[in-house]
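The values are calculated or read from the model by the stated rules, or taken from the named source; none is laboratory data. Source: prediction; values computed, not measured. Positions of Cβ are backbone-derived with ideal geometry, glycine not excepted, and every protein chain shown enters the neighbour counts.
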Amino acid sequence: MLHLDASTYVGRGLHRECHRHPEDPSLCVKVDIGGDPHDSRREQRFYRHLQRRGISWDAVPRWNGTVPTNLGEGSCFELIQDTPGVVAHTLQHYLESNEASGLHCRGLRDGLLALRRTMLSDGIVTLALRPKNVVCQRLGPQAFRLYIVDSIGNTDFIPIATHSGWFARRKVARKWARFEQSSWCATRKILSWRNFWAGCR
Ligand SMILES: Nc1ncnc2c1ncn2[C@@H]1O[C@H](COP(=O)(O)OP(=O)(O)OP(=O)(O)O)[C@@H](O)[C@H]1O
Ligand SMILES: [Mg+2]
């Protein structure tokens, strides 16, 4: 059984804690912290589906199955890092620190456009896209590859977008339109997402 504690801790959201894998530094292990275990099951089902489809894994971290831990069942993923040992920051981090508006605007814009393209071509559907669930891997001073690390999958009662490329693309395009228009940044008086998007064009 893997032992996770403060020394392996990477980050947390509302439902899960993310830890570095104690035996393999290229992986992370996510455990539920009071979340609905059905969400993890749904995510695992969707990852199995992506594995069967043989997607490129350019937009989502690879999934390595589940492992027992001292904090309950863990779900094991590729840990997105800038360099070995340095965990990549979320898009929320870049937006909050204002690095996005200046220094990294173009790199993040290009990364976002590439992420959108890959999600469309690989048919990767998500729940609402949020900056805290996008991790930005630095490939160079001005280059990023962006990954969706959370909310992957489909909660529709009839999940047709999971099995039809056309419906998947339509759903992905809809989520992106909402993401581009979202006032997420503006409401926190950090940066208007719309300006960020427009200013980079
Ligand atoms: N594969 C990964 N590589 C690097 N960092 C990651 C990875 N997965 C998660 N993280 C970090 O851990 C945090 C929490 O993970 P995650 O978003 O999966 O938790 P959550 O509780 O499901 O989130 P939410 O509150 O959005 O439901 C992320 O915001 C990110 O900073
Ligand atoms: Mg999250």
note = Within the stretch 24-52, restricting to residues that are over 16 Å from the mean Cα position of the chain (by Cα) and closer than 20 Å to H163 by Cα, the one that is surrounded by the most Cβ atoms within 10 Å (Cβ to Cβ) is H49
remark   = Taking the stretch 124-140 and the residues there that are modelled with pLDDT of 95 or more and more than 11 Å from ligand 2 (Cβ to nearest atom), the one that is surrounded by the fewest Cβ atoms within 10 Å (Cβ to Cβ) would be L139
request  = Only residues that are of a type in the set (A, V, I, L, M) and in a helix (DSSP H, G or I): list them for the stretch 120-148, please.
outcome  = L120
inquiry  = I'm told R106 meets every condition in (1) in contact (Cβ under 8 Å) with a residue 24 or more places away in the chain; (2) within 25 Å of P22 (Cβ to Cβ); (3) over 15 Å from the mean Cα position of the chain (by Cα) except one. Can you identify the failing condition by its number?
reply    = (2)
task = Scan the stretch 178-185 and give yes if some residue there is at pLDDT below 60 and buried (at least 16 other Cβ atoms within 10 Å of the Cβ), otherwise no.
result = yes
task = Within the stretch 39-57, identify whether any single residue is of a type in the set (A, V, I, L, M) and within 16 Å of ligand 2 (Cβ to nearest atom), and answer yes or no.
result = no
task = Run G34 past the list (1) on the phi < 0 side of the Ramachandran plot; (2) modelled with pLDDT under 90 and report the number of the one that doesn't hold.
result = (1)
task = Check whether at least one residue in the stretch 37-53 is outside any helix (DSSP H, G or I), modelled with pLDDT under 95 and in contact with an Asp or Glu (Cβ under 7 Å, 6 or more places away or on another chain), and report yes or no.
result = no
Test for R16: is it free of Cβ contacts under 8 Å to residues at least 24 places away in the same chain and either charged (D, E, K, R) or within 17 Å of L127 (Cα to Cα) (or both) = no
query = Looking at the stretch 7-23, which of the residues that are closer than 24 Å to D36 by Cβ and loosely packed, with under 13 Cβ neighbours inside 10 Å is nearest to ligand 2 (Cβ to nearest atom)?
reply = L14
